[in-house]
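Okay, structure first, notes after.
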Amino acid sequence: MSFDRKIKIAPSILSADFANFGAEIRAIEAQGADWVHVDVMDGHFVPNLTFGPPAVKAFRPHVKTFMDVHLMIAPVDPWIEAYAEAGADMLTAHVEAGPHIHRTLQAIRAAGMKAGVALNPATPAAAVEHVLDICDMVLVMTVNPGFGGQSFIDLTEKVRRLRAMIGDRPIHIQIDGGVTPQTAPLVAAAGADVLVAGSAVFRGGSVENPAVYGANIRAIREAAEAALAG
Ligand code: DX5
Ligand code: ZN
């Protein structure tokens, strides 16, 4: 996929109906999702547990856009090949998940995927300064990872710093946690281009009533784009 900095909305299926992932993925894509964000949690790096490679592999045929897999697991390296086989387009690992993020990002690319690097709220932008040339995305967590539906932590200064550090490199800045039509303009204006949203996309909708997903996605996108135009 070619690189661009247009605003992209990546619904997190953490807020979908867990008994109906295939239909939920098809519904959000039909309603305008640009990417599908898949939250993998291990009950160790974060205090919650979701799913692993076999589930991600089962999602794959339903995802026609771009499958963005956010690993909240430690260690990461023993699992990279399994997520490549499961069909992840992008695999994102946390800098806090181990001592060798440089090696991890190289291994993700060597396995044929785009490589993302994630920062918890307390981790400074400088933590990724020396891996920018081997990554495709920096994910800025605006909640402490583990759960959907938490309130947004304002880290726009960190986003601005990352945007300046990245310069002309083809690297996305993704925001994850508490993204709504109210918070999206702050991070878009600071330089983020990929907005993950779980509760703000799935709230009020269902596979029987998918138009709500569409309205929710549009509301986030329009708020973010208005901040860039203004
Ligand atoms: C949190 C996950 C997020 C989460 C976002 O650990 O990484 O992707 O689903 O949920 P909302 O948008 O509800 O904050
Ligand atoms: Zn996530």
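The values are calculated or read from the model by the stated rules, or taken from the named source; none is laboratory data. As the structure is a computational prediction, the values presented were derived from the model and not from experiment. Every residue, glycine among them, receives a Cβ derived from its backbone with ideal geometry; neighbour counts consider all protein chains shown. Areas reflect the complete protein model, heavy atoms only, side chains present, ligands, DNA and RNA absent. Shrake-Rupley method; radii C 1.70, N 1.55, O 1.52, S 1.80 Å.
Which pairs turn up if I take residues in region 144-156 that are more than 12 Å from ligand 2 (Cβ to nearest atom) and look for partners that are at pLDDT 95 or above and open to solvent by 60 Å² or more (accessible area, probe 1.4 Å) with beta carbon separation below 7 Å, at least 6 apart in sequence or on another chain?
Asp154/Leu186; Thr156/Leu186
Does region 94-112 contain at least one residue that is touching a residue at least 40 places away in the same chain (Cβ under 8 Å), surrounded by 21 or more Cβ atoms within 10 Å (Cβ to Cβ) and touching a strand residue (DSSP E or B) at 6+ places or on another chain (Cβ under 6 Å)?
For region 94-112, residues touching a residue at least 40 places away in the same chain (Cβ under 8 Å), surrounded by 21 or more Cβ atoms within 10 Å (Cβ to Cβ) and touching a strand residue (DSSP E or B) at 6+ places or on another chain (Cβ under 6 Å): present.
Among the residues of region 1-36, what is the count of those that are under 25 Å from Val187 (Cα atoms), within 14 Å of ligand 1 (Cβ to nearest atom) and either of a type in the set (A, V, I, L, M) or without any contact (Cβ under 8 Å) to a residue 12 or more places away in the chain (or both)?
8
Tell me the residue from Ala219, Ala215, Ala197, Ala188 that is within 16 Å of the chain's Cα centre (by Cα) and within 28 Å of Ala19 (Cβ to Cβ), please. Spell out how you get there, then give the answer.
Values: Ala219 fails: within 16 Å of the chain's Cα centre (by Cα); Ala215 fails: within 16 Å of the chain's Cα centre (by Cα); Ala188 fails: within 28 Å of Ala19 (Cβ to Cβ).
Of Ala219, Ala215, Ala197, Ala188, the one residue that is within 16 Å of the chain's Cα centre (by Cα) and within 28 Å of Ala19 (Cβ to Cβ) is Ala197.
In the list Lys64, Lys114, which residue meets the criterion of being within 16 Å of ligand 2 (Cβ to nearest atom), out of contact with any Ser or Thr (no Cβ under 7 Å at 6 or more places or on another chain) and among the basic types (Lys, Arg)? Quick ask: steps written out before the conclusion?
Working: Lys64 fails: within 16 Å of ligand 2 (Cβ to nearest atom).
Within the list Lys64, Lys114, the selection yields Lys114.
Pairs needed: first member in region 39-62, under 19 Å from Gly149 (Cβ atoms) and open to solvent by 60 Å² or more (accessible area, probe 1.4 Å); second member anywhere, within 13 Å of ligand 2 (Cβ to nearest atom) and hydrophobic (A, V, I, L, M, F, W, C); C-beta distance under 8 Å; at least 6 residues apart or different chains.
Taking only residues 6 or more apart or on different chains, the pairs are Leu49/Met41.
Among the residues of region 53-99, write down those that are outside any loop (DSSP other than H, G, I, E, B) and acidic (Asp, Glu). Spell out the reasoning first.
Restricting attention to region 53-99, the residues satisfying the condition of being outside any loop (DSSP other than H, G, I, E, B) are 53-62, 67-72, 77-86, 90-97.
Residues satisfying the conditions are Asp68, Asp77, Glu81, Glu85, Glu96.
With the checklist (1) more than 13 Å from the chain's Cα centre (by Cα); (2) more than 20 Å from Ala107 (Cβ to Cβ) in hand, flag the one item Ala33 doesn't pass.
(1)
Just one of the numbered conditions (1) within 22 Å of Asn48 (Cβ to Cβ); (2) away from ligand 2 (no atom under 16 Å from the Cβ) is not true of Leu132; which one?
Looking at each condition in turn, Leu132 falls short on (1).
Suppose we filter Ile171, Ile153 for residues that are within 17 Å of the chain's Cα centre (by Cα), closer than 24 Å to Glu129 by Cβ, open to solvent by 20 Å² or more (accessible area, probe 1.4 Å) and not hydroxyl-bearing (Ser, Thr, Tyr); which single one remains?
Numbers: Ile171 fails: open to solvent by 20 Å² or more (accessible area, probe 1.4 Å).
Only one candidate qualifies: Ile153.
Pick from region 192-204 the residues that are among the small types (Gly, Ala, Ser) and either open to solvent by less than 20 Å² (accessible area, probe 1.4 Å) or assigned to a helix (DSSP H, G or I) (or both): which of them is nearest to Ile7 (Cα to Cα)? Let's see the steps before the verdict.
Going residue by residue through region 192-204, those that are among the small types (Gly, Ala, Ser) are 192, 197-200, 204.
Now restrict to residues that are either open to solvent by less than 20 Å² (accessible area, probe 1.4 Å) or assigned to a helix (DSSP H, G or I) (or both): 192, 197-200.
Working: Ala192: 8, Ala197: 13, Gly198: 16, Ser199: 19, Ala200: 16 Å.
By that ranking, first place goes to Ala192.
More than 14 Å from ligand 2 (Cβ to nearest atom) and in contact (Cβ under 8 Å) with a residue 24 or more places away in the chain: which single residue out of Leu195, Leu162 fits that description? Spell out the reasoning first.
On the way: Leu195 fails: more than 14 Å from ligand 2 (Cβ to nearest atom).
Among Leu195, Leu162, only Leu162 is more than 14 Å from ligand 2 (Cβ to nearest atom) and in contact (Cβ under 8 Å) with a residue 24 or more places away in the chain.
In this structure, is Ala86 touching a Gly at 6+ places or on another chain (Cβ under 8 Å), away from ligand 2 (no atom under 14 Å from the Cβ) and among the hydrophobic types (A, V, I, L, M, F, W, C)?
On the way: touching a Gly at 6+ places or on another chain (Cβ under 8 Å): no; away from ligand 2 (no atom under 14 Å from the Cβ): yes; among the hydrophobic types (A, V, I, L, M, F, W, C): yes.
For Ala86, the condition - touching a Gly at 6+ places or on another chain (Cβ under 8 Å), away from ligand 2 (no atom under 14 Å from the Cβ) and among the hydrophobic types (A, V, I, L, M, F, W, C) - is not met.
Among the listed residues Val131, Val143, Val138, identify the single one that is over 17 Å from the mean Cα position of the chain (by Cα), buried (at least 16 other Cβ atoms within 10 Å of the Cβ) and not acidic (Asp, Glu). Show your work before the answer.
On the way: Val143 fails: over 17 Å from the mean Cα position of the chain (by Cα); Val138 fails: over 17 Å from the mean Cα position of the chain (by Cα).
Being over 17 Å from the mean Cα position of the chain (by Cα), buried (at least 16 other Cβ atoms within 10 Å of the Cβ) and not acidic (Asp, Glu) holds for just one of Val131, Val143, Val138, which is Val131.
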